[in-house]
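One structure is given here, and the rest of the page talks about it.
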Amino acid sequence: MNLQPCTYNHPSRRTILLVEDEPFVREATRSILESAGFEVLPAEDAASAMKAYEERPSIDLVMTDMVLPGRTGQQLGQDLRQRHPEVSVLVTSGYGNVEYETEDLTARTYFLAKPYSRRSLIEKIEAILGAIPLQQAARQVS
């Protein structure tokens, strides 16, 4: 199956804040996401991610590794949600902890196990972004 770039009914590309402390993983994931049509803002830790989100709150999705220097991906999501309750967070982890694998749809927190394939990553993100109400997506674009 050949995945095409995202074709949402929005006037601009969807933006993902990618938070990953491992440079190789960050760049590989960035490449995958950009090739699928997403705009990607990379960050190497929670502090950089918070700053990036404050500078550009129109981000559609925060994709974060579970283990980050100083804060976990879940803590980052909680910190962001205190200021921006509408933010969706996709947490990724190579650790098979069942606690992390439970998605909290009401809190808009999702999980994807590492290693993931290009296909599973794009399908997961498209499913998450497809669940955002159109009214909210329109506000984020303007």
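Observations
- Three-way shape label, segment 15-136, alpha-carbon gyration tensor, a/c 1.5: rounded
- Under a model in which nothing but the beta-carbon of Lys, Arg (+1) and Asp, Glu (-1) is charged, segment 15-136 shows a dipole of about 120 debye around its Cα centre.
- Only Cα pairs under 8 Å and 6+ residues apart enter the sum, and on that basis the relative contact order of segment 15-136 stands at 21 percent.
A short reminder: the numbers here are calculations on the coordinates, not readings from a lab. Remember, predicted model here, so these are calculated numbers, not experimental data. A quick note on method: Cβ atoms are made from the backbone with ideal geometry, for glycine too, and the neighbour counts reach across all protein chains shown.
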